[in-house]
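Worksheet: the structure to be examined is printed underneath.
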Amino acid sequence: MELGVGSIQEGKVTGITKFGAFVTLPGGRSGLVHISEIAYSYVNDVKDHLTEGQEVKVKVIGIDNAGRINLSIKKALDPPPRPVSANMSGGAGRPPAGGGDRRPPCGGRPAGFVQRPVSPKEPADFEDRLKQFMQSSDSRLSDLRMAEKKSTRRGNRNR
């Protein structure tokens, strides 16, 4: 099997460091799986995910001019399913993978939508949080401007 960028290989973990793991590939060549390419979740310690001698499936993601091979375990696997967002109102953001708009016609709720109770302190979605922030910011700016005017008036009287 040819060793090229994009190919998926079976290899054996031969060394573990704090920044990743070395994997020996068929044909005697070896490459590095950087700590960021080990799993889709955060990896604090490589030893929590890999052990020396472990057989792993890796994808070749790069070969530099010096012949060093960069490998990825997570790209050789299917990504984990994405959690369903609690906010499916179709607000700002990236459109869904299937294209189109998530909002149902006539502004109704998507099928299966369950509205969670929202505490008055915590807005439900980004738009509400942004609106609350802008109102708070405007209020603070107004207060600062009024305080500035008062201090300027007082300063002029003393002259």
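In a solvent-free Debye calculation with one equal scatterer on each Cα, what is log10 I(q)/I(0) for the stretch 8-76 at q = 0.18, 0.29 Å⁻¹, listed in the order of the q values?
-0.57, -1.46
List every residue whose amide H lies under 5 Å from the amide H of T14, counting only residues 5 or more places away in sequence or on a different chain, with H placed 1.01 Å from N in the peptide plane.
It is F22, V23, T24, G53, by chain and number.
Between V5 and Q54, what FRET efficiency comes out of the Förster formula 1/(1 + (r/R0)^6) with R0 = 35 Å and r the beta carbon distance, rounded to 0.05?
Values: r = 24 Å, r/R0 = 0.67.
Working from the Cβ atoms, E equals 0.90.
So which aspartates and glutamates can K18 reach, going by Cα to Cα under 16 Å and dropping same-chain residues fewer than 8 places off?
Output for K18: E37, D45, D48, E52.
With a Förster radius of 41 Å, plug the Cβ-Cβ distance of K131 and L77 into 1/(1 + (r/R0)^6) and report the FRET value to the nearest 0.05. Mind showing how you got there, number by number?
Numbers: r = 40 Å, r/R0 = 0.99.
Plugging the Cβ-Cβ distance into 1/(1 + (r/R0)^6) gives 0.50.
Sequence neighbours fewer than 8 away in the same chain don't count; with that in mind, list the lysines whose C-alpha is under 16 Å from K59.
K12, K74, K75
Compute the FRET efficiency between N65 and S41 as 1/(1 + (r/R0)^6), taking r as their Cβ-Cβ distance and R0 = 30 Å, and round to the nearest 0.05. Don't skip to the end; give the middle numbers.
Values: r = 32 Å, r/R0 = 1.07.
Efficiency, rounded to the nearest 0.05: 0.40.
All of the numbers you see were taken from the coordinates with simple rules; none came from a lab. In this text, all values refer to a predicted model and were calculated from it rather than measured experimentally. Quick reminder, even Gly has a Cβ in these numbers, built from the backbone with ideal geometry, and neighbours come from all protein chains shown.
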